[in-house]
Amino acid sequence: MSSQTDPASNGQPGPRPISAVAGGRASSAPVVGRDTEPTLFELSVPGRHAASFRTTQIPEWAAEELVPAQYLAETPVDLPDVSERDLVAHFTRLTHRQYSVDLGAYPLGSCTMKYNPKVCDEAASAAAFANVHPAAPPACTQGWLEVLVELEESLCAITGMSAATLQPAAGAAGELTGLLLMRAYHESRGEDRTRVIIPDSAHGTNPASVTLGGYEVTTVGTNDRGGVDLDSLRAALGPDVAGIMLTNPNTLGLFEEDIVEIATAVHEVGALLYYDGANLNAILGVVRPGDMGFDIVHLNLHKTFATPHGGGGPGAGPVAVSARLADFLPGPRPARLDDGRFAWAQPAASIGRIHGWHGNALVLLRAWTYIRLHGAEGLRGVAETAVLNANWLKEKLRGTFDLPYDRPVMHECVVSAESLDKATGLRALDVAKRLLELGFHSPTVYFPLIVHEALMIEPTETESPQTLAALADALLLVAREATEEGAAGEARQAPRTTPVRRVDEARAARRLVATYDQRS
Amino acid sequence: MTAPFVPHTDAEVAAMLGDLGLESLDELFATIPAALRLAGGLDLPPQQSEADVVDRLVDLGEHNRPAGRCAGGLVCFAGAGAYDHEVPAAVRSLASRSEFVTAYTPYQAEVAQGVLQALFEYQTMIARLAGLEIANGSLYDGAASLVEGVNLAVAATGDRRVLCSAGVNPRWRAVLATFSKGSGHDVVTLPLRDGVTDWSAAVARPASAGAVVVGFPNYLGCIEDLAAARDLADRTGARLVVCADPIASGLLRTPGSLGADVVVGEGQPLGIALGYGGPYLGLFACRAADVRRLPGRLVGETVDADGKLAYVTTLRAREQDIRREKASSNVCTNQTLMAVTAAIQLGWLGTSGLREIALRSARAARYAHDSLAAIDGVEPLSPHPYLREFALRLPVDAEVAIERLVDEGYLAGVAVRDGFAGTDAEGCLLVAATERRTRGEIDGFAASLEKAIR
């Protein structure tokens, strides 16, 4: 709906045209329904503004008196000029075009989209934490340092490791940190190792991190039970191998049954075991990576410890290590002094900084809060319920979807639409899109790469049995529709009730428009 | 017992186990070798109720001294990459809406148009502030953006030599040094003279390089000569990577218009809480010609099946989940919520507000600079122009002054130390002023500093 009045409206007597509405767009455009929302740039009316500033009594020098003229911009950078009311309306309308955990189930495999307790957000917005400058001296940040030290201690207890760094801002940053720790460890022993082993079921960040860590990737296959193929692992191991990166449970949702044999074989050649913590939710309080033989562990606090994903970030990817690697950790690290006070300390052989400050501190505070709300029993309950949910859902899907590695799963299950695709043309992508209009976010699709038409489903522990049943019913309905109507039926058309329908991804890449200014 | 976030009743758990033919929850973990399983519970502090945890947080918070007008609050003159700018209620309110906060990465575009469009608007605003065509959907922080900017430059030129000004934030330089151990970059530091890069220094004369890196303004607050930096980049065949303060674009010419090929920066001043250093916002912008080397996510415009305008993450073939070991960046999770926050803040500021915030900060900095430099024994480090931050030499070490001024209610600034050992800047006090600093606060600060260094 446009607010513009046509001044030449067919000559009839009527309301006088109002000239003051040139430019901008109405802020009361229809919001319920599927209308597009204009960009903030289209809502802009030059001269309108929302900002106001503190009265300071500071002399109002002109820009030329402060900075030499040759540095000054001739024209200011053009930004949207909107009222606060339009600003709030615009972004509120955008939130109405967005799915989120607070709205409903988000069974994205490998992403652990559990409910995020509200008190954790409130903790992170308290001025006593949120307004602390990162360079404030330790005497002014004793509360913060205590939180960070306690979080390190808790993460070490949970993983069975000796020491940790909280600096990595996300899982991938943690991976690269871990690989640099691996490099520092081997170099300290005078060894030049060149390869890192990764299973073919691994997340894409693993091989990318290996390359950035200065290593070459050696891929090992998966056996028919869904675990690392021991024979090909042994064949790949040698004195030039720096380490192996494993996710356990792996991306098929299966626990690596041969982990002890794997650890022994890797350690025998002097290499290290890296634990990708993406799937730690499955084993909280049940088994610890340190007890499995891992030397380096990264955790995704935005998965296991319920810090909100923020539409793609921020996360936090702390790294915990065994005692022999502690001296290499990034620094400075928060430390508990003998007198009960807290300070920053630099590890003896630190690889150096990997974050501009101390890591994503307010994310770390949320995770600290989450761990305190659970304690040991609560965290074990998280793992038990997550695993119960995944197995129960998998059984509900048996007989309709393929179960490629049909063993009891951990926190997630990977099912396949391969048979449905062959029989009806229903692909995993169609299932995902049809689920969207049935009210569920879709599972992860086409991952892991080793399963055709994969649907990777991670319900998490915070979804009730009723939600699981409804999700299972929805998945079975999609399959039944395809069988009864063929693939040209419901699913291929879906989604139709979402703010937009299937998007043309190829066009986006072919005719790149990544800013409003690139619109033609 | 389970925490209240797990909804299952005992009866439901029993029924679900029954459906699986199991008798106990322990049996769910039968595939884990028994010898590995934890015998006792985890060694953690006991489970607490929400109210108990909040009590503990309040106790802990009393041991912090935040910036601002609250109990124990300090008047903040610290910067060094984290600034006490205004964050209005509208921005805090919108940025804490749970549709933004609790969404996942927008892989299913049909139900993620909110985040995608907000990122599209963010990319547009950051590209304009940078004076370049393309900006990504965010990286972790300024330091991470610097590393990725250097990676882009090295990949584009095939030259691993990086000429990095000593005026670039020393913590960012430290992060670059750490990651260069993996990537094999050869980082050469260009020294400063009087607070700005000495482009005539001998180390600034190699035949070739992959990247020239400079701060704008630099860590010590000085406005660098980007024409000289561009000249060095041209002579060596390097990409010019500028570490830019986004607020500076409210007043100064944009880095892109001054010759930057890549603009990286810390987006915290754009509406993000000081937050003890994170989560912040890595800004990243580049030329359209380099878009296929862009790290991280990029949102583009397209249409849906009905021909309606829609947004989607695009040029996905660059990313780690597709390119795997051939990817030039491993970034997956980024700082989307911070990017959305920055877009809201920039919308709140508008064209005039961004200029106003930069001008008011510069005025406050000038007033503080002149007030503090008038104190006997206090000398500005550099004669060069600055925007909202400057370094002072005190008769005592800066850390001593900072410690003493905390007792007077001021966070006096940041001591220049790491990354400047052996230079004339070592031990100086780096002072920042924003539009939030008043004449009364600055007068009080100057009076307290005069006493503290006497």
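The values are calculated or read from the model by the stated rules, or taken from the named source; none is laboratory data. Computed from a prediction, not measured in an experiment: that's the story for all the values here. Note: ideal-geometry Cβ built from the backbone for every residue, glycine included; neighbour counts use all protein chains shown. SASA here: full protein model, heavy atoms, side chains in, ligands and nucleic acids out. Shrake-Rupley method; radii C 1.70, N 1.55, O 1.52, S 1.80 Å.
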Please go through region A:85-125 and pick out each residue that is of a type in the set (A, V, I, L, M), within 7 Å of chain B (Cβ to nearest Cβ) and within 30 Å of B:Gly350 (Cα to Cα). A:Leu87, A:Val88, A:Leu94
Hey, can you tell me all the residues within region B:80-104 that are in contact with a Pro (Cβ under 9 Å, 6 or more places away or on another chain) and more than 8 Å from chain A (Cβ to nearest Cβ)? B:Tyr83, B:His85
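On the basis of being open to solvent by 10 Å² or more (accessible area, probe 1.4 Å), under 28 Å from B:Tyr104 (Cα atoms) and either assigned to a helix (DSSP H, G or I) or aromatic (Phe, Trp, Tyr) (or both), does A:Cys120 make the cut?
Taking the combined requirement at face value, the residue does not satisfy it.
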In this structure, does A:Pro308 turn out to be facing chain B (nearest Cβ under 7 Å) and touching an Asp or Glu at 6+ places or on another chain (Cβ under 8 Å)? yes
So in region B:326-384, with the set limited to residues that are without any contact (Cβ under 8 Å) to a residue 12 or more places away in the chain and open to solvent by 20 Å² or more (accessible area, probe 1.4 Å), which one is farthest from the other protein chains (Cβ to nearest Cβ)? B:Asp370
Residues that are hydrophobic (A, V, I, L, M, F, W, C), open to solvent by less than 10 Å² (accessible area, probe 1.4 Å) and touching a Gly at 6+ places or on another chain (Cβ under 9 Å), drawn from region A:405-421: A:Val409, A:Met410, A:Cys413
Search region A:375-395 for residues that are within 20 Å of A:Leu254 (Cβ to Cβ) and pair each with any residue that is of a type in the set (Asp, Glu) and in a helix (DSSP H, G or I) when their beta-carbon atoms are under 9 Å apart and the residues are at least 6 apart or on different chains. A:Glu384/B:Asp26; A:Trp392/B:Asp19; A:Glu395/B:Asp19
Looking at region A:402-520, what helices (runs of 4 or more DSSP H) fall wholly within it and have at least 3 residues that are under 30 Å from A:Phe255 (Cα atoms), more than 8 Å from chain B (Cβ to nearest Cβ) and in contact (Cβ under 8 Å) with a residue 60 or more places away in the chain? A:465-485
Single unsatisfied condition, A:Arg398 versus (1) at pLDDT below 95; (2) open to solvent by 20 Å² or more (accessible area, probe 1.4 Å); (3) under 24 Å from A:Asp473 (Cβ atoms): (1)
Could you figure out which of (1) surrounded by fewer than 17 Cβ atoms within 10 Å (Cβ to Cβ); (2) under 23 Å from the mean Cα position of the chain (by Cα) isn't true of A:Thr264? (2)
Starting from region B:74-96, keep only residues that are in contact (Cβ under 8 Å) with a residue 12 or more places away in the chain and assigned to a helix (DSSP H, G or I), then list their pairs with residues that are surrounded by fewer than 24 Cβ atoms within 10 Å (Cβ to Cβ) and among the small types (Gly, Ala, Ser) whose Cβ atoms are within a distance under 9 Å, requiring at least 6 positions of separation or different chains. B:Ala90/A:Ala50
Name the pairs: first residue in region B:174-193 and within 13 Å of another protein chain (Cβ to nearest Cβ) and under 20 Å from B:Pro217 (Cα atoms), second residue among the β-branched types (Val, Ile, Thr) and open to solvent by less than 10 Å² (accessible area, probe 1.4 Å), Cβ to Cβ under 8 Å, at least 6 apart or on different chains? B:Leu176/B:Val150; B:Leu176/B:Val162
Which residues, counting only those in region A:452-467, are open to solvent by 10 Å² or more (accessible area, probe 1.4 Å) and in contact with a Phe, Trp or Tyr (Cβ under 8 Å, 6 or more places away or on another chain)? A:Glu453, A:Thr462, A:Pro465
Condition first: open to solvent by 70 Å² or more (accessible area, probe 1.4 Å) and closer than 15 Å to B:Gln113 by Cβ. Now tell me which residues in region A:497-520 satisfy that. A:Thr497, A:Glu505
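Does A:Thr55 satisfy the condition of being modelled with pLDDT under 95, in a loop (DSSP other than H, G, I, E, B) and of a type in the set (S, T, N, Q)?
no
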Quick check: anything in region B:125-137 surrounded by fewer than 17 Cβ atoms within 10 Å (Cβ to Cβ), part of a loop (DSSP other than H, G, I, E, B) and more than 7 Å from every other protein chain (Cβ to nearest Cβ)? no
Being open to solvent by 10 Å² or more (accessible area, probe 1.4 Å) and either modelled with pLDDT of 95 or more or within 23 Å of A:Asp406 (Cβ to Cβ) (or both) is the filter here, so list the residues in region A:435-450 that pass it. A:Thr444, A:Val445, A:Tyr446, A:Phe447, A:Leu449, A:Ile450
